[in-house]
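Report on the structure given below.
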């Protein structure tokens, strides 16, 4: 007789995506529903937290119902509820946490709070059935840039993190400065295809006391200074060249730090995750660098790179298997660090 599959209902509402998913045994995604608010926030040039929270309240019940229907299941068949409780926008997080607690209480279903960054790391398990810890993972998104040693399911060591702007945040700010608007990552990647990545020499920051830490604030300032200099001297700005040169500076630093870690820790497997992980230049650069070192390279499909509930369901499954349970006192923790509970 085959062992019963563990079915997780997952909820993600940490920023501007209202998402729900049903995941079986941590690897099979039965449904993955995402309501994106990008079009709504585009006119403001970035995410407005109050608007994001209100939209989550408006959409969350419908998104959950759709996820259950698409998975051809119901709450009576769910073994646990996984929900992002941090880090993220506090108002947005509270909507998902309150929803998950209400369902847990009403249906007596175990509750598992999930760290958002752990979710991004676990997105790699969905399409890569052979991937198992230990491995190294680079998480690059709008709010986070972390180089993480994945020791086991649910066990992490942060080797490096950004000291200031996250990579995705720098993409958004530079995109706004050169007139591309929000969201910056996809727009910079697109226009960069027409530009020369070696046209402008932008700085690559190195952190003296930790070779695995990142800093993108100086790079962002260098782009702004270059644009101001061009305006003052009345030199025409080639937007595609600025975008391509900036993108190359970011990816060079990400790849360089990752390869240092691979060599020091003698890693045989390396993965990337987070919204910026869908950037083609970064993927191709990482793939080439890993291949040269004989390291297996893993990455999720773009739909699992941006915020989604499937990755939260995968993380919740492994936490649930490890015995993690949360009570109805679970709260949103906007600045939650990886490894904290």
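Say each of residue 280 and residue 256 gets a label point 7 Å from the Cα, pointing the same way as Cα to Cβ; how far apart are those two points in nm?
2.5
Calculate, for residue 27 and residue 204, the FRET efficiency according to 1/(1 + (r/R0)^6) with r their C-beta to C-beta distance and R0 30 Å; round to the nearest 0.05.
Values: r = 37 Å, r/R0 = 1.25.
FRET efficiency, residue 27 to residue 204: 0.20.
Remind me, relative contact order of the chain in percent, using alpha carbon pairs under 8 angstrom and six or more residues apart? Kindly include the intermediate steps, with their values, before the conclusion.
On the way: 747 pairs, mean separation 84.8, N = 341.
Relative CO of the chain lands at 25 percent.
How high is the relative contact order of the stretch 133-300, in percent, counting Cα pairs under 8 Å that sit 6 or more residues apart? Don't jump to the answer; show the numbers that get you there.
Working: 316 pairs, mean separation 43.5, N = 168.
Contact order relative to length: 26 percent.
Cα axis of helix 116-127 to longest principal axis of the chain: angle in degrees, 0 to 90, nearest 10?
80
Can you give the FRET efficiency to the nearest 0.05 for residue 158 and residue 39, using r as the Cβ-Cβ distance and R₀ = 35 Å? Don't jump to the answer; show the numbers that get you there.
On the way: r = 34 Å, r/R0 = 0.97.
With R0 = 35 Å, the Cβ-Cβ based efficiency is 0.55.
Between the alpha-carbon centers of the stretch 305-336 and the stretch 189-257, tell me the distance in whole angstrom.
Here the two parts' Cα centres lie 35 Å apart.
Can you order the peptides 108-114, 306-312, 135-141 by their average number of other Cβ atoms within 10 Å per residue, highest first? The partial results should precede the final answer.
On the way: 108-114: 21.1, 306-312: 30.3, 135-141: 26.1.
Result, highest mean first: 306-312, 135-141, 108-114.
Counting DSSP beta bridges in the chain, what percent are antiparallel, to the nearest 5?
Values: 27 of 44 bridges.
So the antiparallel bridges amount to about 60 percent of the total.
Need one number: nm distance between label points at residue 301 and residue 321, each 7 Å from Cα along Cα→Cβ, rounded to one decimal.
2.2
Kindly identify the stretch 133-300 as rounded, prolate or oblate by the Cα gyration tensor criterion: order the square roots of the eigenvalues as a ≥ b ≥ c, call it rounded if a/c is under 1.5, otherwise compare a/b with b/c, prolate if a/b is larger, else oblate. Walk me through the numbers on the way to the answer.
Working: a/c = 2.14, a/b = 1.94, b/c = 1.10.
Prolate, since a/c reaches 1.5 and a/b exceeds b/c.
Compare 199, 80, 249 in a GNM of the chain, Cα atoms joined below 10 Å, and give the one with the largest fluctuation.
Its mean-square fluctuation being the largest, the pick is 199.
Per-residue ellipticity at 222 nm for the chain, helices alone: DSSP H runs ≥ 4 residues times -39500 (n - 2.57), over residue total, nearest 500 deg cm²/dmol? Could you put the intermediate results ahead of the total?
On the way: 11 runs with 150 residues, N = 341.
Taking each H run of at least 4 residues, the total per residue is -14000 deg cm²/dmol.
So if we plug the beta-carbon distance of residue 51 and residue 335 into 1/(1 + (r/R0)^6) with R0 = 22 Å, what FRET efficiency do we get, rounded to 0.05? It would help to have the intermediate numbers written out before the result.
Details: r = 21 Å, r/R0 = 0.97.
Here the calculated transfer efficiency is 0.55.
Taking 0.36 nm per intervening residue step and subtracting the Cα-Cα distance, what contour gain separates residue 292 from residue 3 on full extension?
Working: separation 289, 0.36 × 289 = 104.04 nm, distance 4.16 nm.
Gain on extension, residue 292 to residue 3, equals 99.9 nm.
Kirkwood Rh, the chain, all Cα pairs: how many Å? Don't jump to the answer; show the numbers that get you there.
On the way: mean 1/r = 0.0488 Å⁻¹.
Mean inverse Cα-Cα distance, inverted, gives 20.5 Å.
Rounded to the nearest 5, what % of the DSSP beta bridges within the stretch 133-300 are antiparallel ones?
Numbers: 12 of 20 bridges.
The antiparallel fraction comes to roughly 60 percent.
How big is the gap, in Å, between the Cα center of the stretch 113-160 and the Cα center of the stretch 1-75?
Rounded to whole Å, the Cα centres lie 20 Å apart.
Between residue 130 and residue 235, what is the label-to-label distance in nm when each label sits 7 Å out along the Cα-to-Cβ direction?
4.9
No lab work stands behind these numbers, since they all come straight from the coordinates. Just so it is clear, the structure is predicted and the values come from calculations on it, not from any experiment. Cβ: placed from backbone, ideal geometry, glycine included. Neighbour counts: every protein chain shown.
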